[in-house]
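A quick write-up on the structure given underneath.
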Amino acid sequence: MPARANANANANVGAEARTGKKRRSFRERGPLASTGLHIGLLVATVVALFPPLWLLVTSFKPKSDAFTTSLVSHFTLDNYDHVVNDTYFLTWFGNSLLVVLGTTLIGVFIAATTGYAISRFRFPGMRPLMWVLLITQMFPMAVLIVPLYNTMATLGLLNQPVGLIITYLTIAVPFCAWMMKGFFDTIPVAIDESGRVDGLNPFGTFWRLILPLAKPGIAVTGFYTFVTAWAEVAYATAFMTGEENLTLAGGLQTFVNRYGSDWGSMTAAAVIIAVPAALVFGFAQRHLVSGLTAGATKS
């Protein structure tokens, strides 16, 4: 018996040694593989950073040097001065800010309440509602421009920020409601039950208990609705006419069109437009990963 026990122990040790050796072999990379990995990461970084960096460099060049491959040989701020002082840029910025704030606030509230209702309650028409939210994402934006344009014209909402807000909500809310539903599914139902025991109604439970726990999902929803309203071009140019009514995304097209090309002004305006988006991303980025992966697993 002792001999058999020793043999089993030696076999286990040998198996552990072989397993550990295999694990180490999988974790360790050879010099060639490591070099290839670093070269791939370097190439990917260059590809990702080159367009915005070249845009920034071009914005500081004179208009005559816009297509030159050299770096900034004659540094100038004339492009920024022209954009801010000689165009409707500040008006476009105000229009975009109004549309973005309205779309983000209303979109986050509707998406969060819709996602919570689908996650927690069972009611007639719930499954058709879920299918409607999903099917609306299958239509290309170009297909919806004409019917939405006719609807906005009938309601007198063309050239109105409210019409653009409603249009952007039709894009952002269905996707965000599905995303919030997946996030609320990961929050234990026991929290809702404890709120009801304490005398809270369903909305009070949602507002006081569930919503503070849903900050990652709210951050992703807010960021998505912000980007939708901030960078969208097709609806902004179709539903808003006249330079004084355009948003920033639509205003960019006035610099480069069939009548002329002012690449210096366009790059300067693009850099200014990118700053608020970068600030919003920096504020929300710590919640983005957890919010985007919240619905991947169930608790």
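The values are calculated or read from the model by the stated rules, or taken from the named source; none is laboratory data. Quick caveat: nothing in here was measured; it's all calculated off a predicted structure. Cβ coordinates were reconstructed from backbone atoms using ideal geometry, including for glycine residues, and neighbour counts include every protein chain displayed. Just so you know, the surface numbers come from the protein's heavy atoms only, side chains and all, with ligands and any DNA or RNA stripped out. Shrake-Rupley method; radii C 1.70, N 1.55, O 1.52, S 1.80 Å.
What the table below lists for this structure:
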quantity: Verdict on residue 40 being open to solvent by less than 80 Å² (accessible area, probe 1.4 Å), out of contact with any Pro (no Cβ under 6 Å at 6 or more places or on another chain) and at pLDDT below 85; calculated: no
quantity: Subset of segment 85-98 (residues that are open to solvent by less than 80 Å² (accessible area, probe 1.4 Å) and free of Cβ contacts under 8 Å to residues at least 60 places away in the same chain); calculated: 94, 97
quantity: Residue that is modelled with the lowest pLDDT [pool: residues in segment 274-286 that are open to solvent by less than 40 Å² (accessible area, probe 1.4 Å) and either among the aliphatic types (A, V, I, L, M) or under 14 Å from residue 221 (Cβ atoms) (or both)]; calculated: 284
quantity: Filtered residues of segment 172-222 (kept if acidic (Asp, Glu) and closer than 19 Å to residue 122 by Cα); calculated: 185, 192, 193
quantity: Contacts under 8 angstrom Cβ, first residue in segment 260-285 being farther than 20 Å from residue 224 by Cα, partner surrounded by 18 or more Cβ atoms within 10 Å (Cβ to Cβ) and among the charged types (D, E, K, R), 6 or more apart; calculated: 264/61
quantity: Single unsatisfied condition, residue 203 versus (1) more than 19 Å from residue 99 (Cα to Cα); (2) not in a helix (DSSP H, G or I); calculated: (2)
quantity: Some residue of segment 69-77 being more than 30 Å from residue 160 (Cα to Cα), touching a Pro at 6+ places or on another chain (Cβ under 8 Å), among the polar types (S, T, N, Q) and surrounded by 14 or more Cβ atoms within 10 Å (Cβ to Cβ); calculated: yes
quantity: Subset tally (residues that are within 15 Å of residue 115 (Cβ to Cβ) and open to solvent by 40 Å² or more (accessible area, probe 1.4 Å)) for segment 180-210; calculated: 6
